[in-house]
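The values are calculated or read from the model by the stated rules, or taken from the named source; none is laboratory data. Just so it is clear, the structure is predicted and the values come from calculations on it, not from any experiment. A quick note on method: Cβ atoms are made from the backbone with ideal geometry, for glycine too, and the neighbour counts reach across all protein chains shown. Only protein heavy atoms, including side chains, enter the accessible area calculation; ligands, DNA and RNA are left aside. Shrake-Rupley method; radii C 1.70, N 1.55, O 1.52, S 1.80 Å.
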Amino acid sequence: MSIVTVQLGQCGNQIGFEVFDALLSDSHSSQGLCSMRENEAYQASCKERFFSEEENGVPIARAVLVDMEPKVINQMLSKAAQSGQWKYGQHACFCQKQGSGNNWAYGAYIHQYTKFGIEEEDFLDSFTSLEQVVASYCNL
């Protein structure tokens, strides 16, 4: 049975890379904490479940990489390819073309300010009003 991982965001993609790297190094290790027969079964199941192979024998991780920006995904793709031991599939990545910083600011502006009913005021007045509301909750 194959397992496909979904790696979300910067943290998920970085941890996912480390997991696949560890799985592949385990599958090539001659020593294990178990008996030789159990260790061989573990190695075979790592390769079979978490990787597929290209025609040239290079293992391809069964993973989908998802992020708001391509920077981290590109880093993980190149890091895996540079290892020379395994890589990610070419069509296993989904990301936006722009960074997420502007998306966060836009979302905070729309959702936070409309939540307090101040969407019609200009930005500076809205920010001041929001500070006043937050300060009233903090008893400052």
Against the definition (open to solvent by 50 Å² or more (accessible area, probe 1.4 Å) and in contact with a Lys or Arg (Cβ under 8 Å, 6 or more places away or on another chain)), how does Ala41 come out, yes or no? no
Within region 45-73, can you find the residues that are surrounded by 18 or more Cβ atoms within 10 Å (Cβ to Cβ) and among the small types (Gly, Ala, Ser)? Ala61, Ala63
So which residues in region 74-107 are surrounded by fewer than 11 Cβ atoms within 10 Å (Cβ to Cβ) and modelled with pLDDT under 70, if there are any at all? Lys97, Gly101, Asn102, Ala105, Tyr106
Scan Gln43, Gln96, Gln7 and give me the residue that is in contact with a His (Cβ under 9 Å, 6 or more places away or on another chain), of a type outside the set (Val, Ile, Thr) and at negative phi. Gln43
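For (1) touching a strand residue (DSSP E or B) at 6+ places or on another chain (Cβ under 7 Å); (2) assigned to a helix (DSSP H, G or I); (3) over 19 Å from Gln85 (Cα atoms), each residue gets a yes or a no:
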{"site": "Phe17", "(1), (2), (3)": "no, yes, no"}
{"site": "Arg37", "(1), (2), (3)": "no, yes, yes"}
{"site": "Ala41", "(1), (2), (3)": "no, yes, yes"}
{"site": "Val64", "(1), (2), (3)": "yes, no, no"}
